[in-house]
Structure formats: structure tokens, C-alpha cells
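Before any comments, here is the structure.
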Amino acid sequence: MRILHLLASPFWSGPAENVALLAQAQRALGHEVTVAVDRKRRDVLSEEPAVPRFQSLGLLDEGGLTLSVKSSPWEMWNDLRALRGRQVDVLHAHFTHDHLLTRWGTPKGAVRIRSIHAPRSLRASLPDAGAYTVPASHLRAKLEGRHRPVQVLPALVDSMFEPPKDREALRRALGLEDTHLVGMISTFQESRRHAVGVEAFAALVRQRPEARLVLVGDGALLEATRAQVSAHGLKDQVTFAGYQQGPAFAKWLQALDEVWILGLGNDWSARAAAQARACGVRVVAVKEGALPELADARVDAPTVDAVLTAVLSGAQATTEHPTNHRIASDILALYGQAAEARR
């Protein structure tokens, strides 16, 4: 099967890593798979660019697509023509821009698939597709009226996320104490609720003085969070690890006992929770996106008391997350359903 994923973004963020892992798993199952990304926006200094990542993985599509929300009408027309001329069996669109292009540019005989990665894309104006994916099971109902196959596309997990061979040694290497380590691993922005996390940690320390907090990431609210930590007198118990990526990020995650995920960004598949579970790290999470399906302890509301209750509950999930092989196989089966419905 010839599969072309469309991802109109120049950034290695949001769903980009999930798309890459899906494409790799589909390739491993014997299919011809490439990923087209935004080739117009090259000055992306604020975030890691996607092109080098997909290129290094051997997945970058070189079919001449601009695939950018900043495209001129002429560039969009060229993309439409290029798509119509492609020899593919599946066009898998991941963003609204991709879906609009495939609405008019799907080659004859190919099926059009749309992945929804965040609820804001679930509009009445959503174009038709042969099948859809959603990041969490509770969103399936939003598409039931379209009478098309709908499937959950869970977070895929890179093989580097695994339990550490020696957590104590890893902690020493990272300059961390060998005690109860709690972590938050996201960009410092309002939706991730670091302020609630710091308040909850201050309350936790009163019951578990040995606890330490590790904050991995950067962002607009970093300095405000530092000030909040200082105001609570917690500077000696909180480590700001900065922005980490790749194997370095995996090591910081492996060092933790539990991770608190109190909000999601652009990707509601809750990939960070799946990565933590793969590392043997307990997940305490709010009810957003796929987090309830991945959490060991669910936070009923994004409040300090609710976080503390979940943390102290000791709850542990018993369900296993599907493997990348299984997820890729299920999505390939979805392609088959969409193709069969056309006959």
C-alpha cells in the first residue's frame, strides 16, 4: 500500500512525533510511506523544525508539496495539481489545511483519511472523508452522524521509553536525590496548569517531606513558576531541568516515580502519559483527551485538593497500552474499511 501522510506544520511538536511513529510502524509492516510537511516556513527558531527530523528518519516526502497555511493561492493550486498526479492508495490528512487540499486533490482510486488531533477541529464544516480517527474514545460520538468508520488513534511510543536499568544511578547522573520524585513534563503555558501543580506539591510536602519536584520544559510562564516556587520556600525541593528532547528527555522521565499531567496542548492523544507508562512511571492526570485512558490516578477537577487526593490514592492502572505494531495494524485495517466502502 502506498500511503502519503499530510502534516501542514513546520514544527516537530503537537502530533508530529505521533505521525512519524505511525509512519515508521506502517513501513515496518511492508508499506510504502512518506510524510509531507510545511516546506514554506523555514524560520522556526522558537521550536524544533520538522523537516530535519522526518529527513533523518527517511520519511520526508519529496513530491514538491508546499503544504503550508501561509501558501499563496497559486501555491495551493500547485499543491492540488501535484496531489492529483500522485500514485498513492491513501492520503492521510492530519490538519485542516491538509484536509481541504485532499477534499479537492485526492487522486482517482485513492482513499482520503482524516485524523482529528484536538477537539477544535470537530466543526460542522469538517469536510467528508472515507474514514476518521480521533485521539480519545469519548470523541467518537462527535462523528457518528457522518456514517463513516471512526477509530481511535492512540499515542505511539518510541522504543527509547522503557524502565531504567538502574534508576538510582540515573538519578545520580542527573544530579537528583534518590527520593520520591514527582515530575511535570510540558511547556510552561496556561493550559498545562503548572500553578496548580506547584500549589499541590506544596500541600504534598506537608505530608511527605521527602518528596521532590522536577519541572521539565520551557515556555512563557517559566519565570512566573520560578517565582511561585520561591514564594512557597520550595527552591531546595524543586529542580528546573529546562527543555529536554530525545534520549535526554527519556532519561529525565525514567528518573521519576510519578508524573502529573494537568492539561494538554495541541495533541489530545496524551503521548506524554503513554511515554511515562512505558518507563514504569505512575501517571496522575486530569480528565482531558486520552488522559483518562492512560492515567493510573485520575484528577476529577483541576484543583489542588483533587490533585492531592489522586496522588495520595495510590491507584495503579491495570490496562496495557497497545504496541505501535498493533496501532499501525488497526489503522491499516481502517484504510481497508474506507476503500471497501467505495466499491
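Hey, any hits in region 199-212 for a residue that's among the charged types (D, E, K, R), part of a strand (DSSP E or B) and touching a residue at least 12 places away in the same chain (Cβ under 8 Å)? Talk me through it step by step, then tell me what you get.
If we filter region 199-212 for residues that are among the charged types (D, E, K, R), which is where we start, we get 199, 206, 208, 210, 212.
Add one more test, that the residue is part of a strand (DSSP E or B), and what stays is 212.
Imposing the further condition that a residue be touching a residue at least 12 places away in the same chain (Cβ under 8 Å) reduces the set to 212.
The answer is yes; a qualifying residue exists.
Check Ala155 against each of (1) open to solvent by 30 Å² or more (accessible area, probe 1.4 Å); (2) within 20 Å of Ala274 (Cβ to Cβ); (3) of a type outside the set (Val, Ile, Thr); (4) assigned to a loop (DSSP other than H, G, I, E, B) and name the one condition it does not meet.
The number of the failed condition is (1).
For region 101-119: of the residues being part of a helix (DSSP H, G or I) and in contact (Cβ under 8 Å) with a residue 60 or more places away in the chain, which is nearest to Glu340 (Cα to Cα)? Break it down stepwise before answering.
Let us first name the residues in region 101-119 that are part of a helix (DSSP H, G or I), namely 101-105, 119.
Pick out the ones that are also in contact (Cβ under 8 Å) with a residue 60 or more places away in the chain and you get 101-102, 119.
Values: Leu101: 23, Thr102: 19, Pro119: 28 Å.
By that ranking, first place goes to Thr102.
Any chance region 120-129 includes a residue that's at pLDDT below 95, in a helix (DSSP H, G or I), of a type outside the set (Val, Ile, Thr) and out of contact with any Leu (no Cβ under 8 Å at 6 or more places or on another chain)?
yes
Residue under question is Ala36, and the condition is that it be under 22 Å from Gln87 (Cβ atoms) and surrounded by 15 or more Cβ atoms within 10 Å (Cβ to Cβ); does it hold? Let's see the steps before the verdict.
Values: under 22 Å from Gln87 (Cβ atoms): yes; surrounded by 15 or more Cβ atoms within 10 Å (Cβ to Cβ): yes.
Yes, satisfied.
I'm trying to understand the selection: among the residues of region 161-198, which are open to solvent by 70 Å² or more (accessible area, probe 1.4 Å), without any contact (Cβ under 8 Å) to a residue 60 or more places away in the chain and touching a Gly at 6+ places or on another chain (Cβ under 7 Å)?
none
Going residue by residue through region 9-22, is there one that turns out to be over 24 Å from Asp158 (Cα atoms), modelled with pLDDT of 95 or more and not polar (S, T, N, Q)? Working first, answer last.
First, the residues of region 9-22 that are over 24 Å from Asp158 (Cα atoms): none.
No, region 9-22 contains no residue that is over 24 Å from Asp158 (Cα atoms), modelled with pLDDT of 95 or more and not polar (S, T, N, Q).
Could you name every one of the strands (runs of 3 or more DSSP E) located completely within region 233-343 that has at least 2 residues being surrounded by fewer than 17 Cβ atoms within 10 Å (Cβ to Cβ)? Steps first, please.
Working: elements: 238-242, 258-261, 282-286, 297-299.
Correct list: 238-242.
Any residue in region 68-97 that's in contact (Cβ under 8 Å) with a residue 24 or more places away in the chain and over 18 Å from Thr133 (Cβ atoms): show its pairings with residues that are part of a helix (DSSP H, G or I) and open to solvent by 50 Å² or more (accessible area, probe 1.4 Å) at Cβ separation under 7 Å, as long as the two are six or more apart or on different chains.
From region 68-97, the pairs are Leu80/Trp104.
Scan region 222-232 for residues that are of a type in the set (S, T, N, Q) and either open to solvent by less than 40 Å² (accessible area, probe 1.4 Å) or touching a helix residue (DSSP H, G or I) at 6+ places or on another chain (Cβ under 9 Å) (or both) and jot them down. Can you show your working first?
So the first thing to find is which residues in region 222-232 are of a type in the set (S, T, N, Q), and the list is 225, 228, 230.
Once the filter is applied, which keeps residues that are of a type in the set (S, T, N, Q) and either open to solvent by less than 40 Å² (accessible area, probe 1.4 Å) or touching a helix residue (DSSP H, G or I) at 6+ places or on another chain (Cβ under 9 Å) (or both), region 222-232 yields Thr225, Gln228.
Among the residues in region 71-88, are any crowded, with 17+ Cβ neighbours inside 10 Å, under 19 Å from Leu156 (Cβ atoms) and among the charged types (D, E, K, R)?
Checking region 71-88: not a single residue is crowded, with 17+ Cβ neighbours inside 10 Å, under 19 Å from Leu156 (Cβ atoms) and among the charged types (D, E, K, R).
The values are calculated or read from the model by the stated rules, or taken from the named source; none is laboratory data. Predicted, not measured: the structure shown is a model, and the values here were computed from it. Methodologically, a virtual Cβ is constructed for each residue, glycine included, from the backbone with ideal geometry; neighbour enumeration extends over all protein chains shown. Heavy atoms of the whole protein, side chains included, go into the accessibility calculation; ligands, DNA and RNA do not. Shrake-Rupley method; radii C 1.70, N 1.55, O 1.52, S 1.80 Å.
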